[in-house]
Amino acid sequence: MSTLLSKAEIKRNDKLMERSGSFKNPFERQSRASKLRRIPIYLLTVVMIAPYYWMITSSLKSVKELQVVPPTLFPKKLIWGNYYDTRFNPTSFQQDVMQGLFQRYPDLKFGFFRFMMNSFFVNISITCLTLFIGSLAAYVVSKHRFKGKKGIYLVIIGSMMIPWQVGLIPGFLLMDKFGWLNTFWAYIVPALPKAFIVFFLTQYLTSIPDELVEAARIDGATEFTIYFRIILPLLKPALIAMMIFTAIGEWNNFLWPLIITTSQDMATLPVALANLKNSGAGNIGTQGVIMGASLITSIPTIALYFATQKHFIRGIALSGLK
Amino acid sequence: MPKSVKESTGDVSRKTGFRKFSDVGISTYLMLSPFVLLFIVFSVYPVLASLRLSFMRYNAICNPDQSPCGSVGFGNYATLIFHDDRFHKALSNTAIYVVGAVILGMIASLSLALSLQEDTKSNRILRVIFFLPSVTSGIAVVLVWGWVFRGDGVGLLNAMLSVFGVHPIEWLATTWMAIPILIFMSLWGGAGFGMILFLAGLNSIPAMYYEAAVIDGAGPKQRFRYITLPLLRPVMVYVGITGIIGAFQIFEGVYLLFPTSVGSIGGLRDMALMIVPYLYDSGFNKFRLGYASAIAWVLFAIIFIVSMINLKLTRSLEDLK
């Protein structure tokens, strides 16, 4: 060997030297110019926040204020009328009084809450079930030996290269044939087999030694015991990452819900939002209501992101770079 | 030994106390079947059926009992490629959009990652802010942009410009502006995601390399050019390919911001028509299901070819060195 250090030593050294990745050259002074260079970043930050700011403040403006040209940056008076206007009377028209978000959809049981409930129900069902069947499959694929395993795994991985819209039309026809249009079945069942989850969890499981599983088998554990007692706990970090991705992805899903729902009561929040926009198109007075609905649609995923931020970033790094 | 016990996997041979590793019976299939069955019915079948449909004439007129009526061979594809002006428009729009969104997106995410790389408190907050759009509902955001780009005086951009005495501009009805607006929206929504990937890539570069370079007298520019860029190549390939695939599938922005009268998509003179919106339009507005399936397969072919070229290109670039 030509090197003085063994490979293991080099690796160890590498690890020691590895820091947060940012490297400051001790010979170069931090100057005032470098602080000035931060200004564009702060300006961009304003652009990033502006839509959220606008969503929140407009939903709290009165109908009258929404119509002002040019629009006001700060609401003169914060009101809740866009969500629920106590002055609203369905039988008589009053100027400057809007039907609040939760007063709309009078024919729907629970009104706007119905969409929120749909979204939550669909989302939670998909996330739990897809992780369950996905992790079962990943366990079998990574720790069992049987005929045709490689073939199955190849097909699963290969399917990830196909954009999902390719199956859009037959998927829709299938739902029609099953009589599932406008039902929760059409939302949940087709969304369950997610190739990426099986791929990701299988990759994760290959780093777990087979001996763990074999030892449990020798001790007489059944396969389901092994799955619940050994595999699931070991998979926890990977499962959390996948849970967050699935939940956020499904919450914001739009095209599939759009084609499988025609009746209003089965809409999820994104579809309800699009319908709301199309119904009140152009009328500036309804913008406050639309912004309120947008805000309600955005909050759950943002909250989930904040609650799980650490897992989230780690998950992205794991799934993206492995 | 009774057969049922032999089949169950918890069984351990009495004689040796060991069981072959591969001896997994019915439980293997029990555990695998939920996924595989659903996968076959809802992932594999639709793709294959869509390939079959793409060779069929299948529309509202010719299907009395919900079944395709007759093969047209490559007819759908021939029409798409040689005769359909709307599809050509959709293709060229998508191409411009993808090139713009992916290249600018890469530049934006890499610059963000570089400027927010240092692990300080303010950087951590800024990273969160830039990442926020990636977890926000696309529809909700598009609705805000719809207000920003409104054509009248209430539109935010127009209101801001009116300070400088500019008359209201019809942003969403000016043909050449549609794609830049969509690119801007994709930058706003996607740069943060790329940034996180680039940050992970930057963090995996050992500081030792930079230290050695400094000792050898390399300046910041050289360090970036000869250490950071080459070592980030895998991340760039990943960000590039996922970005391309995502950009080809753009739908929500076009659907909500560029409707054309009733029952069509694409905006004024199809200025914002893209592949997936056109697929939706053909399939669910015009009910030409065979034709829409052909569009879907063209989309797949394009994405496949572009990703392969991207992979090959970066590979051969690596071989060059």
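Counting only protein chain heavy atoms and rolling a 1.4 Å probe, the accessible areas of A:Met55, B:Met308 rank, largest first, as B:Met308, A:Met55. Under 4 °C and 1.567 mPa s, how fast does the stretch A:122-266 diffuse according to Stokes-Einstein, given a Kirkwood radius computed over C-alpha pairs? Answer in µm²/s, whole number. Rounded, D is 77 µm²/s.
Computed over neighbours whose Cβ is under 12 Å from that of A:Met117, the net charge equals +1, Lys and Arg +1, Asp and Glu -1.
Of the residues B:Phe304, B:Phe284, the one with the largest accessible area comes first in the ranking B:Phe304, B:Phe284, computed with a 1.4 Å probe on protein heavy atoms. Using a 1.4 Å probe on the protein chains only, how many percent of the accessible area of the stretch A:139-220 belongs to carbon and sulfur? Here it works out to 65 percent. The solvent-accessible area of B:Met56, taken with every protein chain present and a 1.4 Å probe, is close to 30 Å².
Treating only the Cβ of Lys, Arg, Asp and Glu as charged (+1, +1, -1, -1), what charge dipole size does chain B show about its Cα centre? Round to the nearest 20 debye.
Details: 24 positive and 17 negative charges, 183 e Å.
That gives chain B a dipole magnitude of about 880 debye.
Assigning unit charges at the beta carbon (Lys, Arg +1; Asp, Glu -1) and nothing else, what dipole magnitude in debye, to the nearest 20, does chain A show about its Cα centre? It would help to have the intermediate numbers written out before the result.
Working: 33 positive and 16 negative charges, 230 e Å.
For chain A, the charge dipole is close to 1100 debye.
From the largest down, the stretch B:245-310 spans 39, 25, 17 angstrom on the principal axes of its Cα atoms. Dipole orientation for chain A: of the candidates A:Ala138, A:Phe88, A:Gln309, A:Gln309 has the Cα lying most toward the positive pole (charges on Cβ; Lys, Arg +1; Asp, Glu -1). Across peptide B:199-210, the average count of Cβ atoms from other chains found within 10 Å of a residue's Cβ is 6. Against the criterion of solvent-accessible heavy-atom surface with a 1.4 angstrom probe, A:Lys194, A:Lys150 sort, most first, into A:Lys150, A:Lys194.
Pairs of Cα atoms under 8 Å, at least six residues apart: use those to get the relative contact order of the stretch B:245-300, whole percent.
Details: 62 pairs, mean separation 15.1, N = 56.
RCO, the stretch B:245-300: 27 percent.
Rounded to the nearest 20 debye, the dipole size of the protein assembly as shown about its Cα centre is 1400 debye, using +1 on the Cβ of Lys and Arg and -1 on the Cβ of Asp and Glu. Think of the stretch A:22-163 as having a plus end and a minus end, set by charges on the Cβ of Lys, Arg, Asp and Glu; of A:Tyr105, A:Leu44, A:Val122, A:Leu44 sits farthest toward the positive end of this dipole.
Where only DSSP H runs of four or more residues are counted, the protein assembly as shown gives -19000 deg cm²/dmol as its mean residue ellipticity at 222 nm, each run worth -39500 (n - 2.57). Short-range pairs are left out: with C-alpha atoms under 8 Å and at least six residues apart, the relative contact order of the stretch A:58-140 is 19 percent.
Taking amide H atoms as placed 1.01 Å from N in the peptide plane, the amide H of B:Ile265 lies under 5 Å from those of B:Thr260, each 5 or more residues away in sequence or on another chain.
Give me the count of lysine pairs in chain B whose alpha carbons sit under 23 angstrom apart, restricted to pairs 8 or more positions apart or on different chains.
7
Normalised by the number of residues in chain A, the average gap of Cα pairs under 8 Å and 6 or more apart makes the relative contact order 24 percent. Taken along its principal axes, the alpha carbon cloud of the stretch A:137-195 reaches lengths of 41, 21, 15 Å, longest axis first.
With Cβ to Cβ distances under 14 Å as the rule, what net charge do the other residues near B:Thr260 carry (K, R +1; D, E -1)? In short, +2. Its convex hull of Cα atoms gives chain A a direction-averaged projected area, equal to a quarter of the hull surface, of 27.8 nm².
Normalised by 2.2 N^0.38 Å, with N the number of residues, the alpha-carbon radius of gyration of the protein assembly as shown equals 1.07. May I ask for the Kirkwood hydrodynamic radius of chain B, worked out over all distinct Cα pairs and given in angstroms to one decimal? Kirkwood hydrodynamic radius for chain B: 24.1 Å.
Would you please give the FRET efficiency between A:Asp176 and B:Val99, computed as 1/(1 + (r/R0)^6) with r the Cβ-Cβ distance and R0 = 35 Å, to the nearest 0.05?
So, using R0 = 35 Å, E works out to roughly 0.40.
Taken over the stretch A:172-322, lysine pairs spaced eight or more positions apart, or on distinct chains, with alpha carbons under 25 Å apart number 7. Counting only heavy atoms of the protein chains and using a 1.4 Å probe, A:Thr127 has close to 10 Å² of accessible surface. Between B:Gly70, B:Gly189, B:Gly283, the Gaussian network model of chain B with springs among Cα atoms under 10 angstrom shows the greatest mean-square fluctuation at B:Gly70. The mean of 1/r over all distinct Cα pairs in the stretch B:66-140, once inverted, gives the Kirkwood hydrodynamic radius of 16.8 Å.
Summing both sides, how much accessible area is buried between B and A? Use a 1.4 Å probe and give Å² to the nearest 100.
Summed over both sides, the interface buries about 9300 Å².
A simple rule links phi to the HN-Hα coupling: the Karplus curve 6.51 cos²θ - 1.76 cosθ + 1.60 with θ = phi - 60°, which for the stretch B:215-227 gives 4, 7, x, 7, x, x, 5, 5, 4, 5, 5, 9, 10 Hz, with x for Gly and Pro.
Among the lysines of the stretch A:23-176, pairs at least eight places apart or on separate chains and with Cα atoms under 16 Å apart come to 5.
The values are calculated or read from the model by the stated rules, or taken from the named source; none is laboratory data. What you see is a predicted model; the values in this text were computed from it and never measured. Backbone-built Cβ (ideal geometry, glycine too); neighbour counts: all protein chains shown. Keep in mind that these areas ignore ligands, DNA and RNA; they rest on the heavy atoms of the full protein, side chains included. Shrake-Rupley method; radii C 1.70, N 1.55, O 1.52, S 1.80 Å.
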